[in-house]
Amino acid sequence: MNTSVTTIERFIMDQEDRYPDATGELSNLLYDLALGTKMIAAAIRRAGLVDVLGSNHTDNVQGEEQQKLDVLANDIIKNSLSHTGRVCVMCSEEENEIIPVPEEYEAGKYAVLFDPLDGSSNIDVNSAVGTIFSIYRRISLEGRGTMADILQPGCKQVAAGYVMYGSSTMMVYTTGQGVHGFTLDPTIGEFLLSHPRIITPRVGKYYSVNESNFARWDRPMQHVVRGLHGDRPDEITGKNSRYIGSLVADFHRNLIAGGVFLYPADTKNPRGKLRLLYEAAPMAFIAEQAEGSATDGVNRILDIEPTGLHQRTPLVIGSRNDVGYVADTLRRQMVPSRPAEPLQAPVL
Ligand code: AHM
Ligand code: MG
């Protein structure tokens, strides 16, 4: 048995010790999030049993009404953060408006944005889902936080991370000092350092995209994906396809093994499907810190100035050379003098 392990708490504290001016608030905030996500992990573990344990399909063993897991996860994260005095405002993919911390609690210096349970449609089939979070320093000067504290470009994030509830539960985060991964040891209930300083391969093995949207993409995007299939060996070596439909799981696999994830705009989602603030920006911060990159096809994701809480964006993210291939190819294919290729069914 290995008796020398690094808990997430010790790791966060050790990192902070390197900064003499650090007050410890960000460290504690990360630890609050780690605690909240452990509660979500515990709820997910029992998800398949809820109907078995509930007495009448609506009540659980304590007689409380069952909540949908994404609502439960949302409440857990809010409750983990609101009373701490470290946060002035929150905002969640599950809620329409910003969530200022309640008046009875002190307002702190951070704004926290989160997607409490991303990919929740996968829960029913026991596939991986995740929580994504993003932290900004407040820019308002006093009181409860405001919309301005939330609507900041991704390059201003002070921390971002995700927790993946998969075959094991993992937390991966960055504070701008590299990307570090922790695996939850369920026997002791602690996240232990398992993946220090993650660097994503410059060229990946995988591409990840929902191919059922192929006919809804524009021609440049179809050209790109044909290249990823291996149809244009003069441009790029073909890759292997992997797609779960759960951003955290798709991103995590590509982060570790190398690859590119795409959720482009299509005729059904003309601005893309994924949300800039809760999904694209935090993942882009992690990708860049792991030496990968992220773009909407034209702009670096971290440079986009948000204009709305639930703004969507196309997303191309992962291994740096692969994201570069996609962006360069889109740029070349957009040149109006080049005739568009005839629309063909994909070669699968
Ligand atoms: P959600 O926030 O409603 O869960 O939707 C986001 C999810 C992502 O996890 C995933 O990348 C994407 O939707 C999958 O979409 P699709 O089913 O269209 O491929
Ligand atoms: Mg989501």
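With respect to the conditions (1) in contact with a helix residue (DSSP H, G or I) (Cβ under 8 Å, 6 or more places away or on another chain); (2) surrounded by fewer than 22 Cβ atoms within 10 Å (Cβ to Cβ); (3) not charged (D, E, K, R), PRO270 falls short on a single one, namely (1).
For GLU104, the criteria (1) within 20 Å of ALA249 (Cβ to Cβ); (2) modelled with pLDDT under 95 hold in every case but one, which is (1).
Out of all the residues in region 261-294, which are among the polar types (S, T, N, Q) and closer than 19 Å to TYR162 by Cα? Scanning region 261-294 gives GLN289, SER293.
Conditions (1) among the charged types (D, E, K, R); (2) within 18 Å of LYS156 (Cα to Cα), marked per residue:
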{"position": "ARG242", "(1), (2)": "yes, no"}
{"position": "LEU247", "(1), (2)": "no, no"}
{"position": "ARG253", "(1), (2)": "yes, no"}
{"position": "LYS268", "(1), (2)": "yes, no"}
{"position": "LYS273", "(1), (2)": "yes, no"}
{"position": "MET283", "(1), (2)": "no, yes"}
{"position": "GLU288", "(1), (2)": "yes, yes"}
{"position": "ALA294", "(1), (2)": "no, yes"}
{"position": "ASN299", "(1), (2)": "no, yes"}
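Tallying residues that are within 10 Å of ligand 1 (Cβ to nearest atom) and over 15 Å from the mean Cα position of the chain (by Cα) within region 240-297 yields 4.
This table checks each residue for (1) within 16 Å of ligand 1 (Cβ to nearest atom); (2) modelled with pLDDT of 95 or more; (3) of a type in the set (Lys, Arg).
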position	(1), (2), (3)
PRO116	yes, yes, no
ASP124	yes, no, no
ALA128	yes, no, no
PHE133	yes, yes, no
GLY145	no, no, no
GLN152	no, yes, no
TYR162	yes, yes, no
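Residues in region 230-260 that are buried (at least 17 other Cβ atoms within 10 Å of the Cβ) and either more than 27 Å from GLY130 (Cα to Cα) or without any contact (Cβ under 8 Å) to a residue 12 or more places away in the chain (or both): ILE236 alone. Any residue at all in region 135-143 that is touching a residue at least 40 places away in the same chain (Cβ under 8 Å), more than 16 Å from ligand 2 (Cβ to nearest atom) and buried (at least 23 other Cβ atoms within 10 Å of the Cβ)? The answer is yes; a qualifying residue exists.
The single condition from (1) of a type in the set (S, T, N, Q); (2) modelled with pLDDT of 90 or more; (3) over 27 Å from the mean Cα position of the chain (by Cα) that GLN62 fails is (2).
Criterion first (of a type in the set (Gly, Ala, Ser), farther than 22 Å from HIS252 by Cβ and either in contact with a strand residue (DSSP E or B) (Cβ under 9 Å, 6 or more places away or on another chain) or away from ligand 1 (no atom under 16 Å from the Cβ) (or both)) does SER82 satisfy it? Yes, satisfied. Just one of the numbered conditions (1) out of contact with any strand residue (DSSP E or B) (no Cβ under 7 Å at 6 or more places or on another chain); (2) at pLDDT 95 or above is not true of PRO186: (2). Could you tell me whether any residue of region 272-288 is away from ligand 2 (no atom under 16 Å from the Cβ) and basic (Lys, Arg)? No; the residues of region 272-288 include none that is away from ligand 2 (no atom under 16 Å from the Cβ) and basic (Lys, Arg).
From the list ASN122, ASN96, ASN126, the one residue that fits, being within 16 Å of ligand 2 (Cβ to nearest atom) and surrounded by fewer than 18 Cβ atoms within 10 Å (Cβ to Cβ), is ASN96.
Where strands (runs of 3 or more DSSP E) sit wholly within region 154-265, those with at least 2 residues that are within 16 Å of ligand 2 (Cβ to nearest atom) occupy 157-165, 259-263.
The values are calculated or read from the model by the stated rules, or taken from the named source; none is laboratory data. Since the model is a prediction, treat every value here as computed from it, not as a measurement. Cβ: placed from backbone, ideal geometry, glycine included. Neighbour counts: every protein chain shown.
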